[in-house]
Amino acid sequence: MMHNIYASILVMFLTIYAVRALPLTLIRREIKNPFIQSFLYYVPYVSLSVMTFPSILSATGNRITGIVGFVAGVVLAWVDGNLFRVSIGACVAVYVAEMIVTQTGIF
């Protein structure tokens with residue numbers, strides 16, 4: 001299990017580092033193309049999200065509670081944006097969903 005975590009961290013590091021460092025080393029002049037600029041700006045965030053999202057869904061014992069936590073985190077981030085409140089709110093949402101699932105036996 002720990003090996004997968006270290007491999008994921010390594011892949012995330014290499015992806016983000018490559019996208020940030022390669023343009024500095026290979027391109028000597030300013031990039032004027034807006035498409036390439038936006039691509040280089042958003043790739044690190046997208047790659048991190050793509051590697052993190054499956055872990056969010058499988059972090060709990062039940063996929064439904066993982067989805068509840070994800071949706072709660074997205075809604076709280078959209079409304080508030082404070083990282084601490086978003087993480088606490090998502091954890092509380094998962095806790096409540098786990099309690100409902102274990103008490104009722106649903107899912």
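Looking at the range 62-92, which of its residues are among the aliphatic types (A, V, I, L, M), over 19 Å from S49 (Cβ atoms) and out of contact with any Phe, Trp or Tyr (no Cβ under 9 Å at 6 or more places or on another chain)?
V79, I88, V92
Before we move on, is E30 touching a helix residue (DSSP H, G or I) at 6+ places or on another chain (Cβ under 6 Å) and either among the acidic types (D, E) or modelled with pLDDT of 85 or more (or both)?
no
Among the helices (runs of 4 or more DSSP H) lying completely within the range 1-98, list those that include at least 3 residues that are out of contact with any Leu (no Cβ under 8 Å at 6 or more places or on another chain) and among the hydroxyl-bearing types (S, T, Y).
Ranges flagged: 2-26, 34-58.
Looking at N82, N33, N62, which one is of a type outside the set (K, R) and in contact with an Asp or Glu (Cβ under 9 Å, 6 or more places away or on another chain)?
N62
Take T65 and tell me if it is assigned by TED's automatic domain parsing to the domain that holds I16 and within 26 Å of S8 (Cα to Cα).
no
In the range 30-50, is there at least one residue being under 24 Å from Y6 (Cα atoms), in the same structural domain as Y6 (by TED's automatic domain parsing) and among the small types (G, A, S)?
Checked against the condition, which is being under 24 Å from Y6 (Cα atoms), in the same structural domain as Y6 (by TED's automatic domain parsing) and among the small types (G, A, S), the range 30-50 yields at least one hit.
For the structure I just gave you, tell me whether S55 is closer than 25 Å to F13 by Cα, touching a helix residue (DSSP H, G or I) at 6+ places or on another chain (Cβ under 9 Å) and either surrounded by fewer than 14 Cβ atoms within 10 Å (Cβ to Cβ) or in the same structural domain as R20 (by TED's automatic domain parsing) (or both).
The answer is yes for S55.
Condition test on T102, is it within 29 Å of A7 (Cα to Cα), free of Cβ contacts under 8 Å to residues at least 24 places away in the same chain and in a helix (DSSP H, G or I)?
Against the criterion (within 29 Å of A7 (Cα to Cα), free of Cβ contacts under 8 Å to residues at least 24 places away in the same chain and in a helix (DSSP H, G or I)), T102 does not qualify.
Name the residues in the range 1-20 that are surrounded by 11 or more Cβ atoms within 10 Å (Cβ to Cβ) and not polar (S, T, N, Q), would you?
Across the range 1-20, the qualifying residues are I9, V11, M12, L14, I16, Y17, A18, V19, R20.
On the given criteria, is T60 of a type in the set (S, T, Y), free of Cβ contacts under 8 Å to residues at least 60 places away in the same chain and closer than 25 Å to I5 by Cβ?
Yes; evaluated as a whole, the condition is true for this residue.
The values are calculated or read from the model by the stated rules, or taken from the named source; none is laboratory data. Please read these numbers as outputs of a predicted model, since none were measured by experiment. No Cβ is skipped: glycine too gets one built from the backbone with ideal geometry, and neighbour counts run over all protein chains shown.
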